[in-house]
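Throughout, read-outs are computed from the coordinates displayed, never taken from laboratory work. Remember, it's a predicted structure, so these values are computed and weren't measured experimentally. When we count neighbours, we look across all protein chains shown, and the Cβ atoms used for this are built from the backbone with ideal geometry, even at glycine.
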Amino acid sequence: MGVAIRAADASDRDLVVRLLDTAFQNDPVSRWVFPGDEYRRANHHKLMAAFTDIVLADGRIDLTEDGTACALWLPMPAEEHGEGEGEGDGEGDDGPAQMRASIDPANERIELIARLTEDIHPAGRAHEYLWMIGVSPDRQGEGLGTALIGAVLDRCDREGLPAYLEASSARSRGLYERLGFTLLDRPLDLPDGPQMWPMWREPRP
């Protein structure tokens, strides 16, 4: 069965934010950034909104027609290294600090995770960066994520572009491995928290 996919635009912003908020409430990294269920429910959506705004401005959000899954992609030029993945203006580390200030100034983990993921982001080659992919909890396991990712990976293969992501759970890592991603270097150990797995995929002939 085919999955109908379209590019999201500004009119889809609130839908995408709600979808990401719901999909990542129990994600290990989200639970680390926003410890405590009540605190996470009150603040997690603000981070998802910030991510959505960045990718709507600088990248592409693919959305299933029924609004139950989305993938956030950023094209990364060869010359750049992270730079807040679009969060800042290229002026050092302002992006992570600004994000923390806009979401919850008291939560240093918002800024810390942005800096840590910037540090491990590979530079030197242009690539597609899969920043996030979210599937509604009641639709997980139906192949929606694979369909969303596969459409972009097919283009990467045609254009000779690699792809990069950071898996935030063992389950998602398994999905990405099946799609041709391999662990890049070693996992990122969040302080007193879970691991993230930086993964790279070379284009296939």
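Which of the three applies to the stretch 109-205, rounded, prolate or oblate, going by the alpha-carbon gyration tensor with a ≥ b ≥ c and a/c under 1.5 meaning rounded?
oblate
For the chain, what class follows from the C-alpha gyration tensor (a ≥ b ≥ c being the square roots of its eigenvalues): rounded when a/c is under 1.5, otherwise prolate if a/b is larger than b/c, else oblate?
It comes out rounded by the Cα gyration axes.
When the Cα centres of the stretch 139-171 and the stretch 177-196 are compared, how far apart do they sit, in Å?
Between the Cα centres of the stretch 139-171 and the stretch 177-196 lies a distance of 16 Å.
Taking amide hydrogens as modeled 1.01 Å from N in the peptide plane, which residues meet the under 5 Å criterion relative to His127, leaving out close sequence neighbours?
Met76
Identify the trypsin sites (Lys or Arg not before Pro) of the stretch 87-190 meeting these criteria: DSSP loop state and at most 11 other C-beta atoms within 10 Å of the C-beta.
Hits after loop and neighbour filter: nothing returned.
For a quick check of your reading of the filter: which GluC sites (Glu not before Pro) in the stretch 120-198 sit in a DSSP loop and have no more than 15 other Cβ atoms within 10 Å?
Counting only loop positions with at most 15 other Cβ atoms within 10 Å, the GluC sites (Glu not before Pro) in the stretch 120-198 are Glu142.
Using a Gaussian network for the chain with springs between C-alpha atoms less than 10 Å apart, which of these wobbles most: Leu72, Leu47, Leu15?
Sorting by GNM fluctuation, first place goes to Leu15.
Picking from Ala57, Ala114, Ala49, which is most flexible by a Gaussian network model of the chain using Cα springs under 10 Å?
Most flexible of the set in this elastic network: Ala57.
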